[in-house]
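Data first, discussion second: the structure below is written as structure tokens.
No value in this document is a laboratory result; all are computed from the given coordinates. Predicted, not measured: the structure shown is a model, and the values here were computed from it. In this analysis, Cβ positions are derived from the backbone assuming ideal geometry, glycine residues included, and neighbour counts consider all displayed protein chains.
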Amino acid sequence: MRIATARLDLIPLTAHDADDLFDVLEDPELGRFTDETPPADVEVLRDRFAFWLARRSPDGSELWLNWVVRRREDGRAVGHVQATVGDGDAAIAWVVGATFQRQGIATEAGTALMAWLHATLDVSVVRGMIHPDHVASQTVAERIGLRPTDGWLDGEVVWTDEPEA
């Protein structure tokens, strides 16, 4: 399940990645549009990642796939991407640390993730949910081939690569 791009390696996330990602994810600004609070400490983050290792929802109906995003040049963890897959579609999300933003990392990782989902898991539709004021994520979504819909979920606009009817 490893995904490689020109500059990045997307590697299946494990609890051990908490050590490398804690400094990246402790920035409260990252959760401004998602209402997520930063992990209190590395152990909390390790526990969260350990829960994700099941790679399935508790009822078994969805795949929960998570990758740490590492720069190939130095192996540095710069963020993570995730996909929730069920019934031929996937919902994706990306988080890139503030220090590493505006370098095309989210676009590169998101493009690779979408291509992998379509080719490897035969996903027909990819969706992302983005806060209406989160311009940076909207820009990434456009660049990776998603477009906004009229749909909303939990206060966020649903974006999709589903062909228009």
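Among what's in the range 6-21 and is of a type in the set (A, V, I, L, M, F, W, C) and more than 12 Å from HIS80 (Cβ to Cβ), pick the residue that is nearest to the chain's Cα centre (by Cα).
Among them, the one singled out is ALA15.
Table: residues versus (1) under 15 Å from VAL24 (Cβ atoms); (2) in a loop (DSSP other than H, G, I, E, B); (3) touching a residue at least 40 places away in the same chain (Cβ under 8 Å); (4) of a type in the set (Val, Ile, Thr).
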position	(1), (2), (3), (4)
PRO58	no, yes, no, no
HIS80	yes, no, yes, no
THR111	no, no, yes, yes
MET129	no, no, no, no
SER137	no, no, yes, no
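Which of (1) over 20 Å from GLU156 (Cβ atoms); (2) in a loop (DSSP other than H, G, I, E, B) is the odd one out, the single condition VAL44 does not satisfy?
(2)
When the residues of the range 63-81 are narrowed to those that are closer than 25 Å to MET114 by Cβ and over 16 Å from the mean Cα position of the chain (by Cα), which ends up surrounded by the most Cβ atoms within 10 Å (Cβ to Cβ)? Don't jump to the end; show me each part of the working.
The first filter runs over the range 63-81 and keeps only residues closer than 25 Å to MET114 by Cβ, leaving 63-73, 75-81.
From the residues that got through so far, the ones that are over 16 Å from the mean Cα position of the chain (by Cα) too are 72-73, 75-76.
On the way: ARG72: 12, GLU73: 8, GLY75: 10, ARG76: 14.
Here the residue is ARG76.
How many residues are farther than 21 Å from THR34 by Cβ, of a type in the set (Val, Ile, Thr) and over 14 Å from the mean Cα position of the chain (by Cα) if we restrict to the range 110-165?
3
What pairs come out if I take residues in the range 24-51 that are on the phi > 0 side of the Ramachandran plot and pair them with residues that are buried (at least 17 other Cβ atoms within 10 Å of the Cβ) and part of a loop (DSSP other than H, G, I, E, B) whose C-beta lies under 7 Å away, six or more apart or interchain?
No pair meets every condition.
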